[in-house]
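Trainee: Below you will find the structure I want to go over with you.
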Amino acid sequence: MSKPINILLQTTIEPTENDWHIGRFSMLRDYLASLTSPEGEPLFRVTARDRDPVGQSDSVLSALDRSDYDELWLFAVDVGNGLNDEDRAGILRFRARGGGVMITRDHMDLGCSICDLGAIGAAHVFHTHNAGPTVPPPDDTGTPQIQWPNFHSGANGSAQRVEAVQPVHPVMRDAESESGVVMFLPAHPHEGAVIAPASAPHARVIATGQSLASGKRFNIAVAFERTETDGPAIAESTFHHFADYNWDPRRGSPDFVSETPVYELPNSPAMTSVHRYVRNVALWLGGRL
């Protein structure tokens with residue numbers, strides 16, 4: 001019998017009711033915790049928490065390498081102050097001892113405290129960080145205050161068609177879909193940008209989406225393969241692929257979300273694809289896929 005993979009789901013903000021606190025990822029937590037092996041044993045043990053008060057090192061992240069966690073799923077929902085140097089050092093040591101890491105953010109500069117997380121940080125391109133000398137014009141113009149990167153994959157609560165990059169990565173396989181790959185993920189009006197950084201030869205883009213505003217293709221996920229010195233990792237374009245509000249808008253959102261949602265995904269066959277993707281990420285980061 002294999003012991004459950006021990007997963008930490010964590011945000012980069014203190015518990016804040018009118019924000020993207022960890023309670024807004026409860027459907028992800030509950031789904032992962034519900035999965036079992038063919039023998040009926042739990043596949044995952046899931047802990048969900050927000051960070052300790054900003055201004056001090058997070059007690060868990062700064063010592064993550066000394067914990068018994070196998071994976072970190074980090075939701076960077078801060079405005080630039082969510083991680084300090086000790087937190088980042090703990091995460092990098094955790095990956096160096098073989099831990100699996102999934103790090104996601106959102107549009108513009110939201111979550112930019114992850115930029116200094118080595119190659120995984122370099123995979124995340126923000127408006128004023130890692131962007132280069134020329135910042136592209138906005139993709140989505142429906143929310144003018146949000147600038148690039150803000151790829152418009154659809155309304156909150158809808159599904160977007162995604163494309164598995166060849167050769168198909170294990171995270172993108174879905175034997176139960178008509179194409180044999182993951183075909184759908186939750187949509188969002190303004191997704192962030194991720195790349196396979198030149199400094200990471202073991203990283204590659206594994207999934208792309210297409211903007212409904214401009215028609216441009218954009219990267220959804222970048223996978224970093226396990227090496228002798230680092231555990232596996234995923235850089236994801238937006239935390240909205242995992243948020244309750246995008247899986248089912250009836251769960252609510254912070255009051256600063258202004259776009260009108262739709263209620264397509266909760267009763268759509270596309271939700272099966274979303275669940276497959278989440279399961280695959282968790283198993284792959286844990287070395288079991």
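Trainee: Quick test of your reading of the structure: Ser2 fulfils all but one of (1) surrounded by 15 or more Cβ atoms within 10 Å (Cβ to Cβ); (2) of a type outside the set (Lys, Arg); (3) farther than 23 Å from Thr238 by Cα. Name the failing condition by number.
Mentor: Status for Ser2: all satisfied but (1).
Trainee: While we're on this one: Just give me the residues in segment 110-122 being farther than 16 Å from Ala200 by Cα and either in a loop (DSSP other than H, G, I, E, B) or free of Cβ contacts under 8 Å to residues at least 12 places away in the same chain (or both), in sequence order.
Mentor: Scanning segment 110-122 gives Leu110, Gly111.
Trainee: Filter segment 143-169 down to the residues that are under 21 Å from Ser258 (Cα atoms), at pLDDT 95 or above and assigned to a loop (DSSP other than H, G, I, E, B) and list them by number.
Mentor: Ile146, Gln147, Trp148, Pro149, Asn150, His152, Ser153, Gly154, Ala155, Asn156, Gly157, Ser158
Trainee: Go through segment 204-251 and count every residue that is among the hydroxyl-bearing types (Ser, Thr, Tyr), surrounded by fewer than 24 Cβ atoms within 10 Å (Cβ to Cβ) and either in contact (Cβ under 8 Å) with a residue 60 or more places away in the chain or in a loop (DSSP other than H, G, I, E, B) (or both).
Mentor: Result for segment 204-251: 5.
Trainee: Pull up segment 170-200, narrow it to residues that are modelled with pLDDT under 95 and charged (D, E, K, R), then point me to the one that is farthest from Val77 (Cα to Cα).
Mentor: Filtering segment 170-200 for residues that are modelled with pLDDT under 95 and charged (D, E, K, R), the one farthest from Val77 (Cα to Cα) comes out as Glu178.
Trainee: Oh, and also: When the residues of segment 103-142 are filtered to those that are hydroxyl-bearing (Ser, Thr, Tyr) and surrounded by fewer than 18 Cβ atoms within 10 Å (Cβ to Cβ), which remaining residue is modelled with the highest pLDDT?
Mentor: Ranking the candidates gives Thr128 first.
Trainee: Give the residue that is surrounded by the fewest Cβ atoms within 10 Å (Cβ to Cβ), with candidates limited to residues of segment 11-69 that are among the small types (Gly, Ala, Ser) and assigned to a loop (DSSP other than H, G, I, E, B).
Mentor: Gly40
Trainee: Can you tell me which residue in segment 252-289 is nearest to Arg45 (Cα to Cα), limited to those that are touching a helix residue (DSSP H, G or I) at 6+ places or on another chain (Cβ under 7 Å) and in a loop (DSSP other than H, G, I, E, B)?
Mentor: Only one residue tops the list, namely Leu289.
Trainee: Take the residues in segment 70-109 that are closer than 15 Å to Arg49 by Cβ and in a strand (DSSP E or B), then tell me which one is farthest from the chain's Cα centre (by Cα).
Mentor: Glu71
Trainee: With the structure loaded, tell me whether Val79 is of a type in the set (A, V, I, L, M) and in contact with a strand residue (DSSP E or B) (Cβ under 7 Å, 6 or more places away or on another chain) or whether it fails that test.
Mentor: Details: of a type in the set (A, V, I, L, M): yes; in contact with a strand residue (DSSP E or B) (Cβ under 7 Å, 6 or more places away or on another chain): no.
It is false that Val79 is of a type in the set (A, V, I, L, M) and in contact with a strand residue (DSSP E or B) (Cβ under 7 Å, 6 or more places away or on another chain).
The values are calculated or read from the model by the stated rules, or taken from the named source; none is laboratory data. The model shown is predicted, which means the values in this text are computed figures rather than measured ones. Note that we place each Cβ from the backbone using ideal geometry, even for glycine, and neighbour counts take in every protein chain shown.
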